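Derivation of every value follows stated rules applied to the coordinates shown; laboratory data play no part. Only a predicted model underlies this, so the values are computations on that prediction, with no experimental measurement involved. Here the Cβ positions follow ideal geometry from the backbone for every residue, glycine too, while neighbour counts run over all protein chains shown.
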Amino acid sequence: MKGMIEFYRDLRVKLVASLPCYLKKEVDSQRGEGVFERSIEVLKLLNKIGYGRDQNLVLDLVFNPEAAFLPPQQATLETDYKEELRKNFGIFFNKLITITNMPVGRFLQYLNKRHQYDEYDRLLRDSFNPRTVDKLMCRNQIVVGWDGIIYDCDFNLALGLPVGFGISRHISDFDPAVHSKRKIVTGIHCFGCTAGNGSSCSGALE
C-alpha cells in the first residue's frame, strides 16, 4: 500500500490516521506487537512528502481509549501528542481527534468478556451532556453501505440499523428535502456520542 501515499498527495486527500497513543507499550497492547513501530514509519513517510507540514496536505490523528473510560480533554491531549511525537520521532500532524469507544463490535466483546458492560453503560448515561446533541454527526450527515442502504451513522451501520420510520432506505431514492428532516434511529450506543465532551467523526463536540 506504500504506493498510495503519492496517490493521496497528488489528489490532496485529507488523511485521518488512528494512533491510540504516543507510547509504544500502549499501542502494541491495544493493537498488537509491532503496530506502533509500523505506524511511526508510515507517519514519517507522510511527513517526508509534506503531510502534516504543507497546509494543503492535512494529516489528523485519532485517539480512542484502550479501556472502559472516556477520552480526556481533546485540546490538552493534542498538545501532549504533538510534543511527544515531535520530540521523540520528529513527526508533525495537524489535529488530534478524540473518539469515545462505542459499546458495539469488538469493544462490546471486550466489555462482555470482562463483565464491564453494565459499568460502562452507566458511565455513558451518567456522563450525558445535552450540549452535544445539536452537534451530533447524525444531525447533518448520512452513511451509505456498500449495497446502497442508508444509515444515520457509522455505528448504526455496524449494528445493521438502517434509517427507519417509513423513509426510503436506499441511496437511489435519496431525497435531501426528506432525509434532512428524518427521525433518527437511536439506541443505547447513542449515549457514547453524548457523553462528556461528546464524540463524532470530527472529534470532541465541546
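Give the total of Lys-Lys pairs in the chain with Cα-Cα distances below 20 Å; include a pair only if its members are 8 or more places apart or on different chains. Lysine pairs, 8 or more places apart or on different chains, close enough: 24. The length gained by stretching the chain between K14 and K87 to full extension, at 0.36 nm per residue less their Cα-Cα distance, is 23.9 nm. Residues whose amide H comes within less than 5 Å of that of C153, counting only those at least five positions distant or on another chain, are V143 (H built at 1.01 Å from N in the peptide plane). The stretch between K24 and Q109 holds 28.2 nm of extra length on full extension. This uses 0.36 nm per residue minus the Cα-Cα distance. Whole-Hz Karplus values for the stretch 141-149 come out as 7, 10, 10, 10, x, 4, 9, x, 6 Hz, taken residue by residue from phi with 6.51 cos²θ - 1.76 cosθ + 1.60 and θ = phi - 60°; glycine and proline positions read x. Each Lys or Arg adds one and each Asp or Glu takes one away; over the other residues whose Cβ falls under 11 Å from the Cβ of K14, this sums to +1. If R0 is 35 Å, what FRET efficiency do you get for I49 and C201 from their C-beta distance, rounded to 0.05? Calculated value: 0.90. Using the Cβ-Cβ distance between V178 and I149 with R0 = 22 Å, the FRET efficiency computed as 1/(1 + (r/R0)^6) comes to roughly 0.85.
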